[in-house]
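Written out below as structure tokens is the structure these notes cover.
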Ligand SMILES: *Cc1c(COP(=O)(O)O)cnc(C)c1O
């Protein structure tokens, strides 16, 4: 088997996404296995001392130690890289490890980062709490406002960071426009593309420099293991991200890489089915007078519907809605569900519902929640793979329990 990542002569470059996700990156061993092998090994033996020396000097391709690289992890990285159309990719133990590694491998004391304030809670911690402790200044802004991005840029701004759609309000950031603003200032654009998935939004084509995934979500898609990845130019990945991962150790385990690799094979089918159900559910909820608001980028009443149509090829599988009343009514709705389970996760085969104000966003002060538009009556639904009619029935029963 070859250890070298595949290059531009790889026939996978000519394949459509679905084909890349089934065959891309496969490293077949001497046994000719159909399904990708799980290389559950920490290290690798060398034929000679000379070979060991050559591997460590990077004069010969091959593996040395699984903190640096592992064949199963390489297969996952290459398959995701082919899907994303990025020059290079490195996997990490979690999505947060990817966010932290991508930013911390690049930024230094004296630098400045501008981020949208509608960020996944732990991402906000990295930018708002961790960065300043290491002398990296951070400015958080309303990511939907292009003028705010422009105004926040300083001479030392090195990184722009946002997610779109954002959790849980599904606000969008205009990737192309913000990338242009960032590049004029010489800053790199880091996009957390978890909610859109690599199937529905292609940040690099829109001008972003680094794309980050929590593979824990749709890429596994069946609630089994944690993982993450960062993708970008060869230069960024080799000079910053890969060295940081190799030296500080947030590496993905081969077992989790194997699960995620197999997850990629079915990603297009799962995301398509989930998006279709999410669309039906969003429309159904919007027709219910007891629901005061439905937030879904695929609906014309989404404040940024035009941008959604421009930069996404699908609307996503998360639907956020607000019930009339506050926490008590929202809790009553959640507690009455029978199929949809209460969980803060998303992207799973199982439909999951969460109350952001008391879980994922409880760390924020009430004013910060208000600034993000997170109300006590807000419910976030991650639509799974169950029958859409069953899910609608479950929601109807839960909404009836409110009043
Ligand atoms: C879940 C999530 C993360 C963090 O991923 P983990 O795998 O849980 O570390 C980061 N960003 C977004 C948008 C997420 O949904």
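All of the numbers you see were taken from the coordinates with simple rules; none came from a lab. Keep in mind that what you see is a predicted model, and the values were worked out from it rather than measured. Note: ideal-geometry Cβ built from the backbone for every residue, glycine included; neighbour counts use all protein chains shown.
Order these by the 10 Å Cβ neighbour count, fewest first: 281, 243.
243, 281
Once each part is reduced to its C-alpha centroid, what is the distance from region 246-285 to region 107-139 in angstrom?
27
May I ask you to sort 183, 355 by Cβ crowding, counting other Cβ atoms within 10 Å and putting the fewest first?
183, 355
Can you give the % of DSSP beta bridges in the chain that are antiparallel, to the nearest 5?
55
For the Cα atoms of the chain, what angle does the longest principal axis make with the long axis of helix 95-104, in degrees from 0 to 90, nearest 10?
70
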